[in-house]
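As structure tokens, the structure follows; a few thoughts come after it.
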Amino acid sequence: MATLPSFLHKYPSVKYIRLQFVDFSGILHTRFLTVQHCLDLIARDKYPTVGGKSLLHAVNDAISSIVPPAGLCELLPDWQSLRICPYAPGHASVMCFVYDTDSSEPFHLCPRRKLVDQLEEWENVHAVTFSVGFEIEFALLDAAGNVPEDVDAVNAWSTTTGLRGTKLRLIEEIVEALQASEIRVLLFHTDAPNQLQIVTGPSNPVDAIDALMQTHECIKHTSIRYGFRATMAPKPLPEDLATGAHAHISIKPQNKRDNFLAGVLEDLPAIFAFTMPSYDSYHRVTGLRNNAGTWVAWGTENRYVPIRAIKMDHWELRGLDATANFYLALLTTLAGGMRGIKETIPLHSCDCRQNPYELREDERRGLGIVVQLPKNLKESITALKESTVFDAVLGSSLKQQYIAVKEVDERDMGALSAAARREWFVKMF
């Protein structure tokens, strides 16, 4: 297990440790501690503290009325996640568990702890393991939130146009910084007009999400030096561009794949409350290609459905974006699949090789496609409220508080104009 002293021996230039956690709105929070203060806390068996509401802020920083007015949480670093931040020389980062000092179940609201515990149980009790990688889509904007004036604009999918000058040097610097912090990068490319993508390699789900948080910060930090404002917001521009964060999920053993897939599909409307968790996420619930689809369905190499099958044990979860708390998004997705395995749920839907949006009703029914995806955040919240599937893995307090946060988001973001809402999401994501 990594320890801070041994890490500092390897990286003596590190002066600051970033203690990080992700709230229910998917926002990364950071406390910058000096190395000496970190070492002093470790020597005294003490931990930095944050307010009891720290996980429970909506995107606009509002708080639900059900949140207790007082409280205190400790940040418990998981030193196994400690890594250098080459994009910020002298800095290192570590992901933390959030420990509620006022609760008899101190990790009852900590998404990361919940995921760690469930993965251990699924491996030890059911001999099932997962690996995850991510496609990180992002846009580069100017300080005003517009597409920068550029003689080499990103204007199409997988072209060298857009990557012949400054932006190529930017992406190369990002990739090299990620590799220096031991994050496996597979490739990068232009993804759509004004959109770029970096793809990270597979690892266990917690490590993959930790690396994703580092990747987001590396992209944003490095882009600023080049005069760009990088954003993973789901609707970064008034035009048609919509941004996702597709997850590639693999399962072992392979012989449980159909039951796993059946469980995920059955629970997908409620899962969307975690994977498509913002007002603007639902720009991607559309019958257009390369989005999240409109029906609960799966298909081999089909980008018109929310789950694309790639290999026998490998799927792409397409209904996911950067406004998610990825620990909760994967916890609920994998929990849905594990319910399918434990209850031997049969896979009733067929491999869809067409766009369900364009099929007749009888054609969809013939493929077992009978449930529509939530069309907005309100519908996915309702699906979560009506489902008891995730009550055990989430716990009653986390589910209740999460729903309260999302209801604030749905109310407050829905009251804004599209431009004002876009400004919030670009600012926070």
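All of the numbers you see were taken from the coordinates with simple rules; none came from a lab. Not measured: the values here are computed from a predicted model. A quick note on method: Cβ atoms are made from the backbone with ideal geometry, for glycine too, and the neighbour counts reach across all protein chains shown.
Tell me, what does the Kirkwood hydrodynamic radius of segment 136-251 come to in angstroms if you use every pair of distinct C-alpha atoms?
14.5 Å
Under a crude label model (7 Å from the Cα following the beta-carbon direction), how far is Ile63 from Gln354 in nanometres?
5.4 nm
Springs between alpha-carbon atoms under 10 Å, Gaussian network over the chain: tell me which of Ala404, Ala156, Ala139 tops the mean-square fluctuations.
Among Ala404, Ala156, Ala139, the largest mean-square fluctuation in the Gaussian network model of the chain belongs to Ala156.
Would you mind ranking Met276, Met413, Met338, Met312 by Cβ crowding within 10 Å, fewest neighbours first?
Ascending Cβ contact count within 10 Å gives the list Met312, Met413, Met338, Met276.
Got a sec? How would Leu186, Leu109 order by Cβ neighbour count within 10 Å, fewest to most?
Leu186, Leu109
Any chance you could list the semi-axes, whole Å, largest first, of the equivalent ellipsoid that the Cα gyration tensor gives for the chain, using √(5λ)?
32, 27, 22
How high is the relative contact order of segment 120-226, in percent, counting Cα pairs under 8 Å that sit 6 or more residues apart?
Once normalised by length, the contact order is 34 percent.
Can you tell which of Gly165, Ile84, Ile136 lies farthest toward the positive end of the dipole of the chain, using +1 and -1 charges on the Cβ of basic and acidic side chains (Lys, Arg; Asp, Glu)?
Ranked along the dipole, the leading option is Gly165.
Rounded to two decimals, what ratio of Rg to Rh does segment 244-394 give with C-alpha atoms and a Kirkwood Rh?
Using Cα coordinates only, the ratio equals 0.93.
Given the options Glu120, Glu105, Glu137, state which has the largest fluctuation in a GNM of the chain using a 10 Å cut-off (strictly under) for Cα springs.
Of Glu120, Glu105, Glu137, the most mobile in the Gaussian network model is Glu105.
Given 0.36 nm per residue, what is the gain on full extension from Glu176 to Gln400 after removing their alpha carbon distance, in nm?
Additional length available on full extension: 76.5 nm.
Where in segment 322-356 is the amide nitrogen less than 18 Å from a point lying 7 Å along the Cα-to-Cβ axis of Arg289?
Counting backbone N atoms under 18 Å from the label point, the list is 352-356.
For a label point 7 Å from the Cα of Met312 along Cα→C-beta, name the residues of segment 249-269 whose backbone N is under 20 Å from it.
249-263
How do Ser93, Ser396, Ser281 rank when sorted from fewest to most other Cβ atoms within 10 Å of their own Cβ?
Fewest to most other Cβ atoms nearby, the residues stand as Ser396, Ser93, Ser281.
Rounded to whole Hz and in sequence order, give me ³J(HN,Hα) for segment 358-369 from the Karplus expression 6.51 cos²θ - 1.76 cosθ + 1.60, θ = phi - 60°, writing x for Gly and Pro.
9, 7, 6, 4, 5, 5, 5, 4, x, 9, x, 9
Highest first, please rank the peptides 326-333, 6-13 by the mean number of other Cβ atoms sitting within 10 Å of their residues.
Peptide ranking by packing, descending: 326-333, 6-13.
Compute the signed sum of charges (Lys and Arg +1, Asp and Glu -1) over the other residues within less than 13 Å, Cβ to Cβ, of Ala70.
Here the charged neighbours net out to -1.
Restricting to DSSP H runs of at least four residues, report the calculated mean residue ellipticity at 222 nm for the chain, -39500 (n - 2.57) per run over all residues, nearest 500 deg cm²/dmol.
-11500 deg cm²/dmol
Rounded, prolate or oblate: which fits segment 175-231 when a ≥ b ≥ c are the square roots of the eigenvalues of the alpha-carbon gyration tensor, with rounded for a/c under 1.5 and prolate only if a/b beats b/c?
Here segment 175-231 falls in the prolate category.
In square nanometres and to one decimal, what's the mean projected area of the convex hull around the Cα atoms of segment 4-109?
Its average projected convex-hull area is 7.5 nm².
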